[in-house]
Amino acid sequence: MKQLQILVCMKQIPDPEGPADCFRVNPEEKKVIPEGIPPVINPFDENALEAAIRIKESNNARVIGISLGEKLSQPVLKKALAAGADDLILLEDSQFKDLDSYSTAYVLSSLIRKIGAYDLILTGRQAGDWDFGITGLLLAEMLQIPSINLARKVEIKNGAILVEKLNRHGYEIVTAPMPGLVTLSSEAGELRYISVLALKSVRSRPVKVHNAGELEIDPQNLETRGIYKLYSDRVQRECKFIEGESPQEKGENLAIRLKEERVI
């Protein structure tokens, strides 16, 4: 029986669950700077990784994680290996800093063409930092393969991709031939629990690292995100005490004030 080859694209981002006061906006440089926030694998890409591992558990399949960036943290991305991926490929180069969605898809497609044989590409529906949600679909277009987005479940049946695709009324069942690309939503399920022992066991596992030169990337095809304006809103709070001669009167005054402020 042929072994399926599943590629999972994973983006490294600052932890979106970090407290808001640990993110600083620099409007001059148009950057959001995390302070004391560790990087993580994009949660939607973890949904895709979990889907890939589930397919591997019920099929003869090999799962390869792929991540792209300027400075990638191997300990963070090796979480994919600890979860059940077979290999990890990092695309790391200073030219890959702050790429827009098109350029990101272009670099990924360059690697995937070098890999050659694959059956399924899985990505998250969007990244948890910029939320553009188009890289996966652009990648499928560049590779000229069918794509299905917003999946809550993906399986391989009878040599085809079977997907439960979300829509506003619930979901629909969609099929596509292989090779194909599917973007996973959070409804696909969180990445399984990974023990400390499993994380330790992959520390010394080698990973493949490629730069722009090895991928024969044309620098003219690389564009950074075009940010017109970046700023943070200033939140002002004012504390007001509700007066009254008795608890009942205070409660009535509170209700009146809430109605005036259109809270209720």
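The values are calculated or read from the model by the stated rules, or taken from the named source; none is laboratory data. All values reported here derive from a predicted model rather than from experimental measurement. Cβ: placed from backbone, ideal geometry, glycine included. Neighbour counts: every protein chain shown.
Could you please find all residues in the stretch 180-228 being closer than 30 Å to Ala160 by Cβ and not polar (S, T, N, Q)? The answer is Gly180, Leu181, Val182, Leu184, Glu187, Ala188, Gly189, Glu190, Leu191, Arg192, Lys208.
Checking Ile242 against (1) under 30 Å from Val76 (Cβ atoms); (2) outside the structural domain of Ile89 (by TED's automatic domain parsing), which single condition isn't satisfied? Ile242 satisfies all of (1) under 30 Å from Val76 (Cβ atoms); (2) outside the structural domain of Ile89 (by TED's automatic domain parsing) except (1). I'm checking my understanding of the structure. Among residues of the stretch 64-81 that are touching a Ser or Thr at 6+ places or on another chain (Cβ under 7 Å) and of a type outside the set (D, E, K, R), which one is nearest to Ser195 (Cα to Cα)? By that ranking, first place goes to Leu77.
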